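Trainee: Let me give you the structure first, and then I'll get to my questions.
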Amino acid sequence: MRNYNDNPIVKMTFQYSLEIMEFSEGLRDEKRFSFADQILRSGCSIGANVKEAHGAESKADFIHKIKIALKEAEESEYWLELCDFAKSYPKPGKLLNEIESILKVLNKIISTSKVKTQKSAN
């Protein structure tokens, strides 16, 4: 296994994926299969796209892949919020706080990368 501690966002999203996998299993145990699948797909896709971005072919490709990760994070947040507000669903607890942190970091990466791209174009 690779060392994911070298990059904070890779580490965050990898750990988040592991936690989403566990939460999804809990949903499956409660026969909430559709939600389990949706949360698992969007939650694990964040880290996969972040990891893919680090092998990007260009700065534009990097930004594009991080934007995809951001969209997946927003979708993940939506599903978790639905679980949080639904009376009969398991509560996501700290997963909501973690996704907010991931969203902030991804937004910062995008804005910083865009500024660097604009500066190098001038």
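The values are calculated or read from the model by the stated rules, or taken from the named source; none is laboratory data. Given the structure is predicted, the values throughout are model-derived calculations rather than measurements. Please note: Cβ atoms are built from the backbone with ideal geometry, for glycine as well, and neighbour counts cover all protein chains shown.
Trainee: Checking the structure you have, find out if any residue of segment 91-99 is outside any helix (DSSP H, G or I), of a type outside the set (Gly, Ala, Ser) and modelled with pLDDT of 95 or more.
Mentor: Yes, there is a match, as at least one residue in segment 91-99 is outside any helix (DSSP H, G or I), of a type outside the set (Gly, Ala, Ser) and modelled with pLDDT of 95 or more.
Trainee: Further, regarding this structure: Mind checking which residues of segment 80-116 are closer than 14 Å to Ser42 by Cβ and loosely packed, with under 15 Cβ neighbours inside 10 Å?
Mentor: Correct list: Glu81, Leu82.
Trainee: A further question follows. Check segment 32-42 and report whether any residue there is in contact with a Gly (Cβ under 9 Å, 6 or more places away or on another chain) and surrounded by 14 or more Cβ atoms within 10 Å (Cβ to Cβ).
Mentor: Checking segment 32-42: at least one residue is in contact with a Gly (Cβ under 9 Å, 6 or more places away or on another chain) and surrounded by 14 or more Cβ atoms within 10 Å (Cβ to Cβ).
Trainee: Restricting attention to segment 63-79, report how many residues are surrounded by fewer than 15 Cβ atoms within 10 Å (Cβ to Cβ) and in contact with a Gly (Cβ under 9 Å, 6 or more places away or on another chain).
Mentor: Looking only at that region, the number is 0.
Trainee: Further question: Condition test on Glu22, is it modelled with pLDDT of 95 or more and either within 15 Å of Glu100 (Cα to Cα) or not in a helix (DSSP H, G or I) (or both)?
Mentor: Working: modelled with pLDDT of 95 or more: yes; either within 15 Å of Glu100 (Cα to Cα) or not in a helix (DSSP H, G or I) (or both): no.
No: the conditions fail for Glu22.
Trainee: Right, another one. How many residues does segment 52-62 contain that are surrounded by fewer than 19 Cβ atoms within 10 Å (Cβ to Cβ) and either touching a residue at least 12 places away in the same chain (Cβ under 8 Å) or not acidic (Asp, Glu) (or both)?
Mentor: 7
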